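Comments concern the structure below.
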Amino acid sequence: MALPTWTVFLVVLITTLFLKAIVSRGRLRTYNLPPGPKPWPIIGNLNLIGELPHRSIHELSKQYGPLMQLRLGSLPVVVGASAEMAKFFLKTKDATFSDRPSFAIGKHASICATELFSAKRLESFEHIRHEEVRGMLRDLRGEAAASPGRAVRLRDYLQMTTLGVISRMVLGRKYIVQEEAVDTEGGSSPAPVMTPAEFREMVDEFFVLNGVTNIGDFVPWLDWLDLQGYIRRMKRTNKMFHRFLDHILDEHNQRRRLEGDGFVARDLVDVLLQLADDPNLEVQLSRDNVKAITQDMVLGGSDTAAVTIEWAISELIKNPRSLDKATEELDRVVGRERLVTERDLPTLPYIDAILKETLRLHPVAPTLVPHLAREDAHVDGYDIPTGTIVFINVWSIGRDPNLWDAPEEFRPERFIGSKIDVKGQDFELLPFGSGRRMCPGLNLALKMTLLSIASLLHGFTWRLPDGIVEEELSMEEVFLLAMPRKNPLEAIIEPRLLSRMYMGA
């Protein structure tokens with residue numbers, strides 16, 4: 001009796017799959033992977049990653065070496081924790097590891113940034129940086145005068161200042177204000193599309209979601225369940241940003257239509273919209289592309305700078321001798337008859353050293369943005385297969401005793417006379433990464449952080465509230481996109497300059 005057709009088909013299918021599996025197994029390459037902890041079924045090594053992943057990975061690297069293999073759920077991961085490994089991944093094999101893994105936050109909330117921060121364009125926005133920093137000095141002095149002896153919460157001022165700079169550079173004006181504001185170009189600004197509190201909530205949620213461990217990223221077959229609710233929150237935050245950015249793009253397009261042939265780009269959104277209209281552009285930009293790049297610039301340039309400045313002031317309060325050296329340099333170079341400008345910065349080597357030392361100890365992205373192997377690679381006798389995710393633990397490199405004397409101590413002096421810089425060519429100090437995937441906003445970040453640190457130290461004395469000694473100042477961090485202090489810095493400030501200088505800020 002003949003077998004039913006479906007039975008014959010099933011037998012053939014099973015036989016084919018069985019033979020294919022045997023052939024594939026015979027052809028399967030055996031890789032010599034780097035050392036690392038043995039993974040558990042399903043979760044891999046996720047059980048070894050704590051609330052501060054860069055610290056957990058640092059401790060594992062002490063045991064397994066500067067090149068370490070991990071399994072995070074179903075994802076193969078390699079960690080480079082030395083200057084030599086950083087150079088291999090970011091320079092020697094830059095092209096091999098130039099891809100990015102596709103995590104949920106990337107799919108639902110942002111795409112990577114752009115090459116819009118040219119030296120000429122940054123220079124044209126110098127007046128904006130000066131106005132916003134001087135406004136911060138004026139507001140801080142106002143609070144100090146209104147409540148003498150009461151601690152100020154520095155983070156609030158830093159966040160609004162850096163957001164003000166980025167908003168005006170990228171968007172053309174401050175869209176986040178508490179009341180109708182006067183436009184610097186003349187005229188009156190339209191009503192804001194959201195309050196500072198609403199914007200702060202949206203940005204804080206974005207930064208939190210960039211720091212979470214989303215199970216679906218590491219165990220893809222669980223992704224659809226959204227067990228932790230992160231995907232739902234990412235989509236909600238994304239919708240909020242889309243409404244905000246749609247409003248901004250609509251305003252910019254309206255001005256372009258009204259001005260016609262006489263239109264001149266005033267900000268980076270204008271530049272992006274012009275690029276989107278260029279039919280000769282190699283990669284065409286859609287409206288969603290423009291929104292995503294705009295979002296990335298606003299987020300990447302605001303909180304990251306604020307976090308670094310807060311860490312720098314915290315370290316200086318904790319190390320009074322360094323604070324004294326900084327103010328002595330400012331008094332000697334700038335004096336007390338005027339405010340600091342960006343043109344003073346090249347003549348302030350100790351302020352520059354303070355920033356470098358802060359970035360060594362407190363990099364805003366301690367493992368950098370992850371890379372992805374687009375082809376097989378080989379290093380130090382070990383194989384790194386295609387599809388492996390690569391983390392560079394710059395937090396570990398910044399604490400390597402083979403590179404740094406007393407690496408846990410805050411010593412700006414180590415950079416005085418040193419040729420080590422943060423621009424991606426010195427692999428012992430890589431807060432902004434290196435190679436074709438390094439941070440595009442590097443030069444803006446340096447200008448903004450240096451000017452802010454110098455201005456805050458020049459304008460005020462800094463001390464902890466009564467009853468708190470320097471040794472008691474907590475330096476705990478929290479794992480978000482920009483690695484801020486766990487507890488915002490609160491300090492008592494007193495003006496160092498004449499009152500009229502703040503009023504003119």
Task: Matching residues in region 74-114 - criterion: being closer than 26 Å to L48 by Cα, modelled with pLDDT under 80 and in contact with a Pro (Cβ under 6 Å, 6 or more places away or on another chain) - done: P101
Task: region 286-315 - residue that is out of contact with any strand residue (DSSP E or B) (no Cβ under 9 Å at 6 or more places or on another chain) and of a type in the set (D, E, K, R) and, of those, surrounded by the most Cβ atoms within 10 Å (Cβ to Cβ) - done: D303
TODO: Kindly indicate whether any position in region 245-261 is touching a residue at least 24 places away in the same chain (Cβ under 8 Å) and in contact with a Pro (Cβ under 8 Å, 6 or more places away or on another chain).
DONE: yes
Task: Odd one out for S499, checked against (1) crowded, with 21+ Cβ neighbours inside 10 Å; (2) polar (S, T, N, Q); (3) over 16 Å from the mean Cα position of the chain (by Cα) - done: (1)
Task: Failed condition for G417, given (1) open to solvent by 40 Å² or more (accessible area, probe 1.4 Å); (2) modelled with pLDDT under 95; (3) within 23 Å of the chain's Cα centre (by Cα) - done: (3)
TODO: Go through region 361-383 and give me each residue that's open to solvent by 10 Å² or more (accessible area, probe 1.4 Å) and in a loop (DSSP other than H, G, I, E, B).
DONE: H362, V364, A365, T367, L368, V369, P370, R374, E375, D376, D380, G381
TODO: Determine, yes or no, whether V283 is out of contact with any strand residue (DSSP E or B) (no Cβ under 9 Å at 6 or more places or on another chain), of a type outside the set (F, W, Y) and closer than 22 Å to K120 by Cβ.
DONE: no
- [ ] Please report, ordered by residue number, the helices (runs of 4 or more DSSP H) entirely within region 253-336 with at least 3 residues that are among the β-branched types (V, I, T).
- [x] 287-318
Task: In region 61-75, the residues that are part of a strand (DSSP E or B) and either aliphatic (A, V, I, L, M) or open to solvent by 30 Å² or more (accessible area, probe 1.4 Å) (or both) - done: L67, M68, L70, R71, L72, L75
TODO: Assess whether L90 counts as being assigned to a helix (DSSP H, G or I) and either within 19 Å of V394 (Cβ to Cβ) or hydroxyl-bearing (S, T, Y) (or both).
DONE: yes
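Residue by residue, here is whether (1) in contact with an Asp or Glu (Cβ under 8 Å, 6 or more places away or on another chain); (2) crowded, with 16+ Cβ neighbours inside 10 Å; (3) charged (D, E, K, R); (4) under 27 Å from E51 (Cα atoms) holds:
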position	(1), (2), (3), (4)
M448	no, yes, no, no
S455	no, yes, no, no
D466	no, no, yes, no
E472	no, no, yes, yes
M483	yes, yes, no, yes
P488	yes, no, no, yes
TODO: Check N393, N443 and return the single one that is polar (S, T, N, Q), under 20 Å from W311 (Cα atoms) and open to solvent by 20 Å² or more (accessible area, probe 1.4 Å).
DONE: N443
- [ ] Within region 229-244, track down each residue that is under 18 Å from M297 (Cβ atoms) and touching a residue at least 60 places away in the same chain (Cβ under 8 Å).
- [x] T237, N238, F241, F244
- [ ] Could you grab the pairs with beta carbons closer than 9 Å, sequence gap of 6+ or different chains, first residue in region 134-155 and open to solvent by 40 Å² or more (accessible area, probe 1.4 Å), second one of a type in the set (S, T, N, Q) and in a helix (DSSP H, G or I)?
- [x] R134/S455; D139/T161; R141/S499; A145/S499
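The values are calculated or read from the model by the stated rules, or taken from the named source; none is laboratory data. In this text the structure is predicted, and so the values were computed from the model without any measurement. Virtual Cβ from ideal backbone geometry, glycine too; neighbours counted across all protein chains shown. Note: areas computed on protein heavy atoms with side chains; ligands, DNA, RNA excluded. Shrake-Rupley method; radii C 1.70, N 1.55, O 1.52, S 1.80 Å.
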